[in-house]
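Notes follow the structure.
Quick note: the coordinates plus some simple rules give every number you see, no bench work behind them. What you see is a predicted model, and the numbers here were worked out from it, not measured in a lab. Here the Cβ is made from the backbone with ideal geometry for all residues, glycine too, and neighbour counts use every protein chain on show.
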Amino acid sequence: QQTRSDATFTLCQQSAEINSLAVSPDGFSLAIGSFHQGGLSVWDLRTRQELVRLAKDERLVRVAFSPTEPLLAFARSTASASAGQRTTLRLWNIATRQMVAELPLDGEWCMGLAFAKDGRTLATSTRNGHITVWRMPDGAKLASYSSIQSQIAFLNSFAATPDLSLAADSFSEGGIRVIDLRDGRE
C-alpha cells in the first residue's frame, strides 16, 4: 500500500512535455498547454474526456482561464523558415467554442499569462519582449513595459497580483523583478 500513488486518477498521457496547466473557475475543465508541438487540449474533469484540441501542432503553449468570463486565453509559438519565430495570443470562447481574437505578442515566447480578478484584464509576459496589459475580449493594449528575462526560456517564471497592479518575472540566475503595472516602475 505504501508504494501506491495517492492520485485520484490519471487524466491523460501527453506525447509532449506539459508547459502550462489551467483549471476553469467552475472546476470542470482543465486546459493543458504543451512544450513541443503538442498544442493545447481542453479536458472535461468529470467525464475524463478531451473536449477539444486547439493549436494542434504549436509549441510553448501557455494557458489561462478568465475567472468571470467564458474565455480561455492561450499563447502559442510557431516557427517557419520564412516568418521566423512568431508568438500570438488567442482567445477562445468556451460557451460558443469559437475563437474570438488573435493578437501578436512582442517577444519570442510567452512566459506567462494572468487574468485579473475582473476577468476582463489580462497580463502577458514574453521572453526578451514585454509585459503587456490587455483589455479582453476586444484585445486593446492598455500598457506595455520592457521585460528582460533569462536566455533560457524554461527557467523564466511570471506571476501577477489578482488586481494586476504588480507583476513579478524572473531573470538570469535567479533574479526576480517586480513591476508596478500601473506605471511601469520597477
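Structural remarks
- The residues neighbouring Ile94, those whose beta-carbon lies less than 11 Å from its own, together hold a net charge of -1 under the Lys/Arg +1, Asp/Glu -1 convention.
- Amide H contacts for Asn128 (H built 1.01 Å from N in the peptide plane; partners 5 or more residues away or on another chain; cut-off under 5 Å): Gln149.
- Protection proxy ranking, peptides 19-28, 160-169, average beta carbon neighbours within 10 Å, highest first: 160-169, 19-28
- Gyration tensor (alpha-carbon) shape descriptor, segment 57-146, a/c threshold 1.5: oblate
- What the phi angles of segment 121-130 give under the Karplus curve with 6.51, -1.76 and 1.60, with θ = phi - 60°, is a coupling list of 10, 10, 10, 10, 10, 10, 5, 6, x, 9 Hz, glycine and proline written as x.
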